[in-house]
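Since the structure comes first, as structure tokens, the remarks are kept for the end.
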Amino acid sequence: MSVVGPRPERQFFIDQIILKAPHYKHLHKVRPGITSWGQVKYGYAENDLWYHGVAATAATECLASYSKVTIPPVSFTAALLHDIGKLLLSRCVSDDLFKEIRRLEAEERITWADAEFRVLGFTHADTGAALCESWKLPEAIVNAVANHHKPDIDFSPVTDAVRIANAVARITGAGLGNEGFAFAIDERTSDRLGLNRKNFEHLCVDTVMRCTSIRTEFGES
Ligand SMILES: [Fe+2]
């Protein structure tokens, strides 16, 4: 085990997760740690980056009940991995650059992804997509990870589902980290999926209930 690395997990739960999200096994190519780079660099409390991915996956599952378009099953894996690039950046980007990203986001009131791009020339979505591509994951997952903060391109149901799932996870407070509420929801995404304000609220409630159930199953409070 490392001092810093991904969350260690019990084999029983690994097996359960892989049944639903087969690509979860790739996370275990990295030695687990007693704390995470996400916590050190991105301001996530313990397990929050993991929990954000789980909440986004739960939101995607719940979204299937409200969307007017079919949500492909590959969307669940895409939602789980959508912020995986943050783990990579946490290991490679200096503290000074992270401070500059935080300063830009706060002072200019821009999204976290836009601040990353201004400082680094790329975002956690770009690095996450490159990582997924190197793992030879399906193109739909690579695109959803790459474009989850780009509302003007890629209107596939998988990418739209991940955009909404990310928003629901954040609105419901699941794994905010330093990015917090510094993100944007594009109404065109909701429109394509047929979500109005009322069923979006229902989706948030369903996701919170699903997450509560998952946390209980995993012995988390
Ligand atoms: Fe993101």
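Go through the residues of the stretch 187-196 one by one and say whether even a single one is at pLDDT below 85 and not acidic (Asp, Glu).
Within the stretch 187-196, the first condition is being at pLDDT below 85, and the residues that meet it are none.
Within the stretch 187-196, none of the residues are at pLDDT below 85 and not acidic (Asp, Glu).
When the stretch 131-149 is filtered for residues that are in contact (Cβ under 8 Å) with a residue 40 or more places away in the chain and either surrounded by fewer than 23 Cβ atoms within 10 Å (Cβ to Cβ) or not aliphatic (A, V, I, L, M) (or both), the ones remaining, listed by number, are LEU131, CYS132, TRP135, LEU137, PRO138, ALA140, HIS148. Which residue is surrounded by the most Cβ atoms within 10 Å (Cβ to Cβ), if the candidates are limited to the stretch 190-206 and must be more than 14 Å from ALA161 (Cα to Cα) and in contact (Cβ under 8 Å) with a residue 24 or more places away in the chain? Looking at the filtered set, the residue picked out is ASP206. Screening ASP83 with (1) under 27 Å from VAL208 (Cα atoms); (2) in a helix (DSSP H, G or I); (3) within 13 Å of the ligand (Cβ to nearest atom) gives one miss only, at (2).
In this structure, GLY128 does not satisfy being under 13 Å from the mean Cα position of the chain (by Cα), free of Cβ contacts under 8 Å to residues at least 60 places away in the same chain and not in a helix (DSSP H, G or I). Considering only the stretch 102-125, state which residues are in contact (Cβ under 8 Å) with a residue 60 or more places away in the chain and β-branched (Val, Ile, Thr). Listed by number, the residues that qualify are ILE110, THR111. Filtering the stretch 76-92 to residues that are crowded, with 20+ Cβ neighbours inside 10 Å and aliphatic (A, V, I, L, M) leaves ALA78, ALA79, LEU80, LEU81, ILE84, LEU87, LEU89.
Scanning the stretch 100-112 for any residue that is out of contact with any helix residue (DSSP H, G or I) (no Cβ under 7 Å at 6 or more places or on another chain) and within 16 Å of the ligand (Cβ to nearest atom) turns up at least one such residue.
The values are calculated or read from the model by the stated rules, or taken from the named source; none is laboratory data. Note that the coordinates shown come from a computational prediction; the quantities given were computed from them, not determined experimentally. Heads up, the Cβs are rebuilt from the backbone with ideal geometry, glycines too, and the neighbour counts pull from every protein chain shown.
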